[in-house]
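Peer 1: Sharing a structure here in structure tokens format.
The values are calculated or read from the model by the stated rules, or taken from the named source; none is laboratory data. Since the model is a prediction, treat every value here as computed from it, not as a measurement. Note that each Cβ is placed from the backbone with ideal geometry, even for glycine, and that neighbours are counted across all protein chains shown. Each accessible area value is taken on the protein alone, full model and side chains, heavy atoms only, with ligands, DNA and RNA left out. Shrake-Rupley method; radii C 1.70, N 1.55, O 1.52, S 1.80 Å.
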Amino acid sequence: MARPFISVLIDTYNHERFIEEAVVSVLEQDVAEAEREIIIVDDGSTDQTPEIVQKFAPRVRLIRKENGGQASAFNAGIPECRGEIVAFLDGDDWWAPGKLQAVAQALASDANIGLVGHGITEVFADGRHHTELLRDTPRFRIASREGAEAFRLRKSFLGTSRMTYRADVLRQIGGVPGALRFQADEYLFTLAGLLADVLILREPLTFYRLHGANLFQLSDGNTEALRGKAAVMAALAQSLREELPRRGADAAVADIIVGWVQNEADQLSLHADGGMPWKTVRTELNTYRVTHPSASMAHWIFKCATLLPACVLPPKTYYSWRRQFAANRWYRTTREKWLPYLQPGHVDRYRRQRT
């Protein structure tokens with residue numbers, strides 16, 4: 001059998017409501033069947049996902065395994081990919097037309113590019129669409145302080161359904177630590193950014209579905225979900241803390257990358273399990289400094305004022321109080337009038353209400 005040019009790797013778990021749309025979005029790409037293969041790793045689904053996937057045989061190849069999380073699904077699927085390019089897709093997302101051609105052309109344009117990401121459209125259950133497009137610095141490499149700082153604010157354009165790799169880069173990375181039941185994509189794209197250039201296309205080529213079963217939807221304050229993600233983020237930080245120096249990363253670069261992951265782990269842990277008030281203040285100030293490097297003095301004064309209660313309140317109490325304020329319509333309206341919320345300077349955001 002001729003070696004496909006593009007391998008599409010879909011990881012799925014209990015996505016019976018969504019997997020068909022994901023597969024169809026790949027089959028409808030403007031790439032000839034002889035130039036691609038589709039491999040679907042079912043991570044131990046207990047619903048009808050495998051049966052739905054089998055309807056597409058022999059155009060897709062299904063690999064079934066016991067449930068083990070995203071890292072184990074990647075480790076099962078990546079060695080099976082025979083393409084020179086490997087594009088990833090979660091089983092509950094779908095691609096826009098032209099996605100594969102766009103990323104393949106980007107990789108073909110320059111051999112130094114090893115990973116391509118792109119803009120994203122988040123799709124909510126009520127029909128709303130939120131689109132995020134990168135405004136500046138679309139190409140970087142984690143080989144300098146500047147590259148590391150660009151990378152940590154552009155990770156949202158590199159998640160599973162957005163990331164496409166040169167296969168040689170994936171082979172250099174090797175297996176993903178099994179502790180990463182999710183965030184395995186971040187392990188891959190972080191090391192890829194160290195080994196090769198990263199290019200982010202502006203076009204929104206993935207539809208990211210937000211639904212009740214998403215592992216990342218933690219906004220309702222679910223303690224167990226927060227605790228679970230905090231543990232995985234801490235494991236990711238530890239894995240990168242070990243791997244980046246081993247692969248030649250400069251100490252300052254590794255500190256920027258690992259420090260940001262650890263900061264997220266700490267913030268989640270404070271939400272879930274609490275801790276010392278000073279840790280809340282430190283974590284929140286670091287988050288604000290990184291995400292809003294051009295914040296005005298007025299915004300900084302306001303931020304520090306909102307953190308005064310955090311100096312004495314237990315973290316869980318502080319975050320509960322903050323969620324209540326954020327949900328208050330009067331507060332949001334007043335805030336938008338007198339001191340509008342800051343938006344990331346490197347991102348263009350577009351909102352479309354339900355139709």
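Peer 1: Determine the pairs where a residue that is free of Cβ contacts under 8 Å to residues at least 60 places away in the same chain, located within the stretch 19-45, has a partner that is in a strand (DSSP E or B) and surrounded by 21 or more Cβ atoms within 10 Å (Cβ to Cβ) with Cβ atoms under 6 Å apart, the partner being 6 or more residues away or on another chain.
Peer 2: Listed pairs, sorted by first residue: GLU37/SER7; ILE38/VAL8; ILE39/LEU9; ILE40/ILE10; VAL41/ASP11; ASP42/THR12.
Peer 1: Can you name the condition, by its number, that PRO309 falls short on among (1) open to solvent by 60 Å² or more (accessible area, probe 1.4 Å); (2) at pLDDT 95 or above; (3) not polar (S, T, N, Q)?
Peer 2: (1)
Peer 1: Could you please find all residues in the stretch 135-180 being in a helix (DSSP H, G or I) and over 27 Å from VAL26 (Cα atoms)?
Peer 2: ARG145, GLU146, GLY147, ALA148, GLU149, ALA150, PHE151, ARG152
Peer 1: Kindly indicate the residue of the stretch 9-36 that is in contact with a helix residue (DSSP H, G or I) (Cβ under 6 Å, 6 or more places away or on another chain) and assigned to a helix (DSSP H, G or I) and also least open to solvent (accessible area, probe 1.4 Å) among those meeting that condition.
Peer 2: Here the answer is ILE19.
Peer 1: Identify, please: which residue in the stretch 70-107 is surrounded by fewer than 22 Cβ atoms within 10 Å (Cβ to Cβ), in contact with a Lys or Arg (Cβ under 9 Å, 6 or more places away or on another chain) and among the small types (Gly, Ala, Ser) and is, among those, nearest to THR164 (Cα to Cα)?
Peer 2: Across the stretch 70-107, the extreme among qualifying residues is GLY83.
Peer 1: Among the residues in the stretch 289-302, are any surrounded by 15 or more Cβ atoms within 10 Å (Cβ to Cβ) and either among the basic types (Lys, Arg) or in contact with a Lys or Arg (Cβ under 6 Å, 6 or more places away or on another chain) (or both)?
Peer 2: No: the stretch 289-302 contains no residue that is surrounded by 15 or more Cβ atoms within 10 Å (Cβ to Cβ) and either among the basic types (Lys, Arg) or in contact with a Lys or Arg (Cβ under 6 Å, 6 or more places away or on another chain) (or both).
Peer 1: Sticking with this structure for a sec: What's the number of the condition ILE39 fails, among (1) surrounded by 19 or more Cβ atoms within 10 Å (Cβ to Cβ); (2) within 20 Å of the chain's Cα centre (by Cα)?
Peer 2: Failing condition for ILE39: (2).
Peer 1: Out of the residues in the stretch 125-141 that are of a type in the set (A, V, I, L, M, F, W, C) and either within 17 Å of the chain's Cα centre (by Cα) or open to solvent by 60 Å² or more (accessible area, probe 1.4 Å) (or both), state the one that is farthest from LEU201 (Cα to Cα). Explain how you work it out, then say what you get.
Peer 2: Taking the stretch 125-141 as the starting set, the residues that turn out to be of a type in the set (A, V, I, L, M, F, W, C) are 125, 133-134, 140.
Now narrow it down to the ones that are either within 17 Å of the chain's Cα centre (by Cα) or open to solvent by 60 Å² or more (accessible area, probe 1.4 Å) (or both): 125, 133-134.
On the way: ALA125: 26, LEU133: 8, LEU134: 8 Å.
Result: ALA125.
Peer 1: So, one more: Return the residues of the stretch 324-355 that are of a type in the set (Lys, Arg) and surrounded by 13 or more Cβ atoms within 10 Å (Cβ to Cβ); say none if nothing qualifies.
Peer 2: ARG332, ARG335
Peer 1: Next up: Within the stretch 337-347, can you find the residues that are at pLDDT 90 or above and either assigned to a loop (DSSP other than H, G, I, E, B) or over 28 Å from PHE151 (Cα atoms) (or both)?
Peer 2: Correct list: LYS337, TRP338, LEU339, PRO340, TYR341, LEU342, HIS346.
Yes or no, residue by residue, for (1) modelled with pLDDT of 95 or more; (2) under 17 Å from the mean Cα position of the chain (by Cα); (3) under 28 Å from SER72 (Cβ atoms):
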site	(1), (2), (3)
ASN214	no, yes, yes
ALA237	yes, yes, yes
TRP260	yes, yes, yes
ASN263	yes, yes, yes
TRP278	yes, no, no
